[in-house]
Amino acid sequence: MTITLNPASTVMFTGDSITGLWRQDGDDRAAYPLQVAGRWSFEHPDRPLTWLNTGYRGNTTADLEARWQTDVLDARPDVLSILVGINDAGGHTLDPDTPPVSAEEFAATYRRLLTPLTDTRLILVEPFLLPIDGVVEAGGMLIGEQERKQWREDLEPKIGVVRALAREFGAELLEADRLFTELSARRPPEHWAEDGVHPTAAGHSALAEAWLELVA
């Protein structure tokens, strides 16, 4: 069942750097929320919408909760799209001094975010990690095969949490991890996210296409 975007509705994207568009200096790419807004505005000029983006670099579910009232609830979006989780899983991998976030803690915090949104249509986007090769820099750390394995093991149950919460709250689910797994069978994973986390231009376009399939 898709979400109908009615004229004059407010659509908000929130989450971490993937939504807020982290990129290297000089790198030119448009984040998936901007691509979604552009495509929709071009194809549906009869249904103008207000588009908001409150994604912020490095955010975890706990960070979202800390700014949820002012950045999300006070804006009263009609449709809210959330992509968060990679930092909940990766924080301990990048910095051993950062306490790990259990799947149970992740679920409890995420559920608190969703509970007040009784009149808001929801799109939950799975966090994802692509199986790239080699060593890359992330968060000032060098991430290789062993670190990615640990990261993946931590992320997997959190993806399950997002899927379960989508069912619990009647949200649309964008299966981003599954999407990139399938796409990586056709083109190298680096084509979609050079560091395995932050999408390339092609990766953002893939997310935008998948997001637009959930609305009408």
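The values are calculated or read from the model by the stated rules, or taken from the named source; none is laboratory data. Keep in mind the model is a prediction, meaning the values are calculated, not measured. Here the Cβ is made from the backbone with ideal geometry for all residues, glycine too, and neighbour counts use every protein chain on show. Surface areas here come from the heavy atoms of the whole protein model, side chains and all, with no ligands, DNA or RNA. Shrake-Rupley method; radii C 1.70, N 1.55, O 1.52, S 1.80 Å.
Which residue is nearest to Asn87 (Cα to Cα), if the candidates are limited to the stretch 170-210 and must be touching a strand residue (DSSP E or B) at 6+ places or on another chain (Cβ under 6 Å) and of a type outside the set (Asp, Glu)?
Result: Ala176.
Phe106: among the hydrophobic types (A, V, I, L, M, F, W, C) and not in a helix (DSSP H, G or I), yes or no?
no
Of the residues in the stretch 167-179, how many are within 9 Å of Glu126 (Cβ to Cβ) and either of a type in the set (Asp, Glu) or crowded, with 17+ Cβ neighbours inside 10 Å (or both)?
Here the count works out to 6.
For the stretch 152-185, name all the residues that are under 15 Å from the mean Cα position of the chain (by Cα), more than 18 Å from Leu130 (Cα to Cα) and touching a residue at least 40 places away in the same chain (Cβ under 8 Å).
Within the stretch 152-185, Val161, Leu165, Ala166, Ala171, Glu172, Leu173 qualify.
Restricting the search to the stretch 38-84, which residues are on the phi > 0 side of the Ramachandran plot and either in contact with a Leu (Cβ under 7 Å, 6 or more places away or on another chain) or open to solvent by 60 Å² or more (accessible area, probe 1.4 Å) (or both)?
Matches in the stretch 38-84: Arg76 only.
What's the total number of residues in the stretch 115-143 that are surrounded by fewer than 22 Cβ atoms within 10 Å (Cβ to Cβ), touching a strand residue (DSSP E or B) at 6+ places or on another chain (Cβ under 8 Å) and assigned to a loop (DSSP other than H, G, I, E, B)?
Qualifying residue count, the stretch 115-143: 3.
If Thr200 satisfies every condition in (1) at positive phi; (2) surrounded by 17 or more Cβ atoms within 10 Å (Cβ to Cβ) but one, which is the exception?
For Thr200, the exception is condition (1).
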